[in-house]
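This is the structure, below, for whatever I ask next.
Every number here is computed from the coordinates shown, using simple stated rules; none is lab data. None of the values given here were measured: they were computed from a predicted structure. Counting neighbours? That spans all protein chains shown, and the Cβs are built from the backbone with ideal geometry, glycine included.
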There are 2 protein chains.
Amino acid sequence: MARKTGSHSDITGPRVRAAALRLFAAHGFAAVSMRQIAAEVGVQAGALYLYTPDKQSLLFDLLREHMQEVLDAWAAEEKPDGPINQLETFTRFHIRFHLERPEQVFISYMELRNLEQDNFKALENMRRQYENSLEAILKRGQDEGVFDVDDTKLTTLALIAMLNGVTSWYKPDGRLSLSRVETIYSDMAGKAVRMPRWKERQRKLEAGRAAE
Amino acid sequence: MARKTGSHSDITGPRVRAAALRLFAAHGFAAVSMRQIAAEVGVQAGALYLYTPDKQSLLFDLLREHMQEVLDAWAAEEKPDGPINQLETFTRFHIRFHLERPEQVFISYMELRNLEQDNFKALENMRRQYENSLEAILKRGQDEGVFDVDDTKLTTLALIAMLNGVTSWYKPDGRLSLSRVETIYSDMAGKAVRMPRWKERQRKLEAGRAAE
DNA sequence: GTCTATAAACCGATAGAC
DNA sequence: GTCTATCGGTTTATAGAC
């Protein structure tokens, strides 16, 4: 039964991509050779070119599909009412989604510079689109007076950077559970942007005085 | 006067390191060849080995010196009294120091994985030492009841990740000045960890009741 | 679909002339 | 201190047998 050659296009294709993902994440795109990827899959280097036109496309496809997954998953997420709850939903979603895909996340911000210009721009647009969905929540909260944010764009980037940081230390069997980590980050994000109660009171006081 | 060879040890050495820094930051350690570095300096590849035993040492020295600079600069920074002011001092210091050295910061977290194990561990210890100086501030604030932090270690990492994020978008001639950016981040960090006023009042209330 | 073999170029590092 | 030349090995990608 065992044979060395045969038709495995539908199986080998995904395996090539999985091996590339693992190796790029572990050693970096530039440091990984096509021969290493082939060895990981169990084929010869030449066979890889049946599944990708070149090494660059292998990287770009991995990054593009990851970003598309993020966008689709967030679009499918059920959104509660009100910016405060939406911010919690976003932070929890972001942390959970990213911790479930450590390798994709890692290469998504480590290997961007190895992309050719056009590929880089395509990825950057998708990333900006995702950031905009958080900024929209902050803007709404700002308009409704429940958030007190100095600059929504800057705050968006600061929050996402903070949330991304979790991927660099979290271990699934560490001392903190996933939901516990979600809660802590979500609380910090909320405290960082929410209108303080004393400011809210002052605002209402002034509004009342103006109404007299 | 012009001659092609001569004694330039004291000049060429730093130029090699500067070229390596620039190229590693721009293209990544693994993607940069010794020949490229030599070309940037204006010497032949062989001449580089007068200034570094090998490529790995070139990277390690850059990273180690950067971390040492961070530690020295923070040690030299004048510290105000009280955790609240110290947190502001730390956030402003961190942002300013890192924005002044974008290339060093970039390679310091992008190229860690290209270090051999011993070199990596040495760097990691220095990084942890720096993190500890922030965690000490949070712990003191927690003990004094002015901070309300769930987990000082996790919060330390979250704050540093947030602050580091600034290096990925800040442009010196952008719409926000450096001191403005410092203020916004410092405010966010403060709000994220400070004991809320209502909680503080409740705490004092309970303390008063217990004293009866 | 996978293999072997190979082209053409590049790599890090060293030797030895000047 | 810098050069040229080179060793021994690697790289991406392709050609052609099976």
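Can you sort A:Phe93, B:Phe90 so the residue with the fewest Cβ neighbours within 10 Å comes first?
The most exposed by this proxy come first: A:Phe93, B:Phe90.
Could you work out how far apart the two model spin labels at B:Ser179 and A:Glu40 are, taking each label as a point 7 Å from the Cα in the direction of the beta carbon, and quote it in nm?
5.0 nm
I want to make sure I understand the PRE zone here: with the label point 7 angstrom from the Cα of A:Lys204 toward its beta carbon, which residues in segment A:124-145 have backbone N atoms less than 17 Å away?
The answer is A:144-145, whose backbone nitrogens lie closer than 17 Å to the label point.
Test of understanding: ordering B:Tyr185, B:Tyr49 by Cβ neighbours within 10 Å, fewest first, what list do you get?
B:Tyr49, B:Tyr185
Would you mind getting me the FRET efficiency between A:Arg15 and B:Glu212? Use the beta-carbon distance for r and R0 = 60 Å, nearest 0.05.
Details: r = 72 Å, r/R0 = 1.19.
After rounding, the FRET efficiency stands at 0.25.
Kindly give the distances from A:Glu40 to its copy-mates, label point to label point, with each label point 7 Å from Cα along Cα→Cβ, as nm values to one decimal ordered shortest first.
Nearest to farthest, the other copies are at 2.8 nm.
A follow-up question, please. Say R0 is 35 Å: what FRET efficiency, to the nearest 0.05, do B:Glu78 and B:Glu103 get from their beta-carbon distance?
0.80
Here's something else I'd like to know. Taking the number of other C-beta atoms within 10 Å as the exposure measure, put B:His8, A:His66 in order starting with the fewest.
B:His8, A:His66
Taking the label point as lying 7 angstrom from Cα along the Cα-to-Cβ axis, what are the distances from A:Asp10 to the corresponding position in the remaining copies, in ascending order and in nanometres?
Values, ascending and in nm: 7.3.
Sort shortest first the distances from B:Gly145 to its counterpart in every other copy, using label points 7 Å along the Cα-to-beta-carbon line, and give them in nm.
Result, one decimal in nm: 3.3.
Quick one: helix B:197-211 against the long Cα principal axis of chain B, what's the angle to the nearest 10°, folded into 0 to 90?
Roughly 50 degrees, rounded to the nearest 10.
While we're on this one: To the nearest whole number, what is the average tally of beta carbon atoms from other chains within 10 Å of the beta carbons of peptide A:178-189? Each step should come with its number before you reach the end.
On the way: counts 0, 0, 3, 3, 0, 1, 6, 4, 0, 3, 12, 4.
Across the residues of A:178-189, the mean count of other-chain Cβ atoms within 10 Å is 3.
Give the average, rounded to an integer, of partner chain Cβ atoms located within 10 angstrom of each Cβ in A:167-174.
1
Could I ask something else about it? Give me a single rounded figure for B:151-162: the average over its residues of other chain Cβ atoms within 10 Å of their Cβ.
Mean inter-chain Cβ contacts per residue within 10 Å come to 6.
Among the lysines in segment B:56-211, how many pairs, 8 or more places apart or on different chains, have alpha carbons under 17 Å apart?
4
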